[in-house]
Amino acid sequence: CLLLFTAVFILTADYIKNRRPGSFPPGPRAFPIVGNLFTVDYNRTHESLTQLAERYGDVYSLRMGQTWIVVLNRFDVLKEALVDQGDVLADRPNLPLLQDISQGLGVIFSNGKIWKQQRRFALSTLKHFGFGKKSLKPVILEEFSYCAKEFKSHKGKPFDPHLILNNAVSNIICSLVFGHRFEYGDEKFMELMSWFGKGLELEASIWAQLYNSFPLLMRRLPGPHQTVQHIWNSVKDFIRVEVKEHKHNWDPSDNRDYIDCYLSEIQMNKGQADDTFDEENLVVCVFDLFLAGSETTSTTLRWAFLYMVKYPEIQAKVQAEIDKVVGTSRQPSMEDRADLPYTDAVIHEIQRMSNIVPLSLPHVTTRDIRLGGYTIPKGVTIIPNLTSVLFDKNEWETPDAFNPGHFLNPEGKFVKRAAFIPFSAGKRVCLGENLARMELFLFFTSLMQHFTFSMPAGVKPVMDFRFGITLSPLPYEWLVAKPSLGF
Ligand code: HEM
C-alpha cells in the first residue's frame, strides 16, 4: 500500500512539475519520469528529429528525462534564433556529461567571460598561424605529400583511407597547437585518434542522454558513460604532457605554436582582475581544437571519396577543370579557387550531403525568447537542426540528390547559398570555419590532381552513416587510388 502511494505521489508530482506551459512549443506526449527519452532513434537522431518537425512544426519541444529541450528547424527559424536573437542563445547548456569533462573551461562548452576571452584568443591565434605570416598553407600541402605517399604505397590495390586521413588532418592541428606532426602509424597517436571517434559516438548515445537526465544516479552506475569520462581524461593527459614539454623549452620571444602563444598570454595577463588564462584552460582549449578540428575535416574527406567513386563522371569533370587551371607542374593554392567554380561547387555539395554535424551543438536560452509564435523561457536547451536546413525541399532544387548544380548559376559560375550552413551561424558559429574550408579545398584539389579514385568491380559504395555528434560513413576498405601519369 505504501509502495502504491509512493508511486502515485511520484507520478503526480512528475505530471504537475513537467506539464507543458500553454505558450510553450508543442511536441509528442511525454511519458512520466523518462519524458520523450525513448521517442528518438539514437542511431539516426537527426532523422528522427527532422521527422518530428513534419508533425509538430518548425519549433517543437521534447522532454528528455526531467529536462525540456526545444528543436529548431528550417533556415528562417534558425536565422531568427541564432543570428537575429543571437545574444539570447550565445550560451551552452549545463549538460552534466560535458561539464564533468570541460569543467566549464575552454571554448566549446564554456560560457560568459571564459568563453568570450578564450574564443577571441583562439580566433586571433588561428588567424595568425592559419592565414597570417606563419601560414598553414605550406603545412597543409606538405601533409598532403605524406598522405599521397601512403596512398601510392598501396600500388592501386584496395585499402581503407580512414586512419591515413585521420592522421593527416590531425597533423595539421598538431602543427598548429603542438608545433610538430606525428608519423603515420605512431601507436600513441593512433590510440588518441581512435579515442576521439569512440568518444564522439558515445556522447550522442542513449547513455549520454541518460547521464544528462539523471546524473546523480548514473555517476554511480557502470556503463559506457563511464568509458566516455575515461576516454576524455586520457586525451587531456596526453595534452598535459605536451604542455609540460613546451614549458620546459619555451622562449617567449619566439612563439612557435598555439601552446607557446597561450603561455605568453598567461604571463601577460597575470595579476589582471578579469584574467581567465591559466594552464587548465589551456589544456581544455587544446582539447577543444582537437575534438572539433580533426574528426570533422577527415570525416568530410571520407565522404568525398564515396561521392567521387559513386559519381565518376563528376570526378572526371573536377579533374578536367583542375588540369586546365592548375595543371600538373605545381600544387593548387587558395588563389585558384575563383577559377575552379565546378570543383568549388562539388566541395560545397559534399559538405551539404555529408551533413557531418547534423544537429550542430546545443545552445541554451539566457532569457525568455519568442520564436515561431511560442514563448521559450530562460534556461531551455535549444537544438539547431542543421539537417532540416541542408535538406529542405524549399531551399534546394533536388535536396536528396548529389547535385553540384546547387552551387552553380546557368553560366557555370559559383553561387553562394544562404541555406548552406554546415558550420552553423551566429555567435557560436564554428571557430575553425576558415581553416576547415582551406584544408578541404587544398586537400581535395590536391587529391583530385594526383589520383583517380574508384572501387573494384562488384563493390557498391554504401552511403549509410554512423551517428555520433558527427555523421561518419560506415568503414570501407575498398578504395582504389590510381596515381595520375607521371606522379
Ligand atoms: C563549433 C562545424 C571544423 C573548431 C562548430 C559547430 C559546428 C561546426 C556546426 C557548432 C556551432 C554552434 O554551436 O552553433 C564544423 C564543420 C567542420 C568544422 C562542419 C569541418 C568540415 C572545425 C575546425 C576547428 C573547429 C577545423 C578548429 C580548428 C570549432 C570550435 C567550435 C566549433 C572551437 C566551438 C565554437 C564555440 O562554442 O564558440 N563547428 N566544424 N571546427 N568548431 Fe567547428
_Given the options P473, P456, name the one that is touching a strand residue (DSSP E or B) at 6+ places or on another chain (Cβ under 8 Å) and more than 13 Å from P161 (Cβ to Cβ)._
P456
_Going by what's in this entry, would L447 be described as within 28 Å of L165 (Cα to Cα), of a type outside the set (D, E) and under 21 Å from the mean Cα position of the chain (by Cα)?_
no
*asked:* Being without any contact (Cβ under 8 Å) to a residue 24 or more places away in the chain, more than 14 Å from the ligand (Cβ to nearest atom), hydroxyl-bearing (S, T, Y) and farther than 24 Å from I173 by Cα narrows it down to one residue among T375, T328, T366, T398; which is it?
replied: T398
*Only one of these conditions is not met by Y42: (1) among the aromatic types (F, W, Y); (2) assigned to a strand (DSSP E or B); (3) within 30 Å of T227 (Cβ to Cβ). Which number is it?*
(2)
*Any residue at all in the stretch 424-432 that is of a type outside the set (V, I, T) and free of Cβ contacts under 8 Å to residues at least 24 places away in the same chain?*
no
_Subset tally (residues that are within 17 Å of N281 (Cα to Cα), within 13 Å of the ligand (Cβ to nearest atom) and not in a helix (DSSP H, G or I)) for the stretch 93-110_ = 7
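One line per residue, one yes/no per condition, for (1) away from the ligand (no atom under 15 Å from the Cβ); (2) part of a helix (DSSP H, G or I):
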{"residue": "D336", "(1), (2)": "yes, yes"}
{"residue": "Q351", "(1), (2)": "no, yes"}
{"residue": "R370", "(1), (2)": "yes, no"}
{"residue": "G379", "(1), (2)": "yes, no"}
{"residue": "K416", "(1), (2)": "yes, no"}
{"residue": "F423", "(1), (2)": "no, no"}
{"residue": "G426", "(1), (2)": "no, no"}
*asked:* Yes or no: the stretch 305-325 includes at least one residue that is modelled with pLDDT under 95, away from the ligand (no atom under 15 Å from the Cβ), farther than 25 Å from A457 by Cα and surrounded by fewer than 21 Cβ atoms within 10 Å (Cβ to Cβ).
replied: no
*Residue under evaluation P341, criteria (1) away from the ligand (no atom under 16 Å from the Cβ); (2) at pLDDT 95 or above; (3) out of contact with any strand residue (DSSP E or B) (no Cβ under 7 Å at 6 or more places or on another chain); (4) not β-branched (V, I, T), criterion not met*: (3)
*Taking only pairs six or more apart or across chains, which ones have beta-carbon atoms under 7 Å, a first residue in the stretch 94-118 that is in contact (Cβ under 8 Å) with a residue 40 or more places away in the chain, and a second residue that is part of a helix (DSSP H, G or I) and basic (K, R)?*
V107/R119
*Taking V357, is it among the aliphatic types (A, V, I, L, M), in contact (Cβ under 8 Å) with a residue 60 or more places away in the chain and in contact with an Asp or Glu (Cβ under 7 Å, 6 or more places away or on another chain)?*
no
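The values are calculated or read from the model by the stated rules, or taken from the named source; none is laboratory data. Because the structure is a prediction, the values reported are computed rather than measured. Every residue, glycine among them, receives a Cβ derived from its backbone with ideal geometry; neighbour counts consider all protein chains shown.
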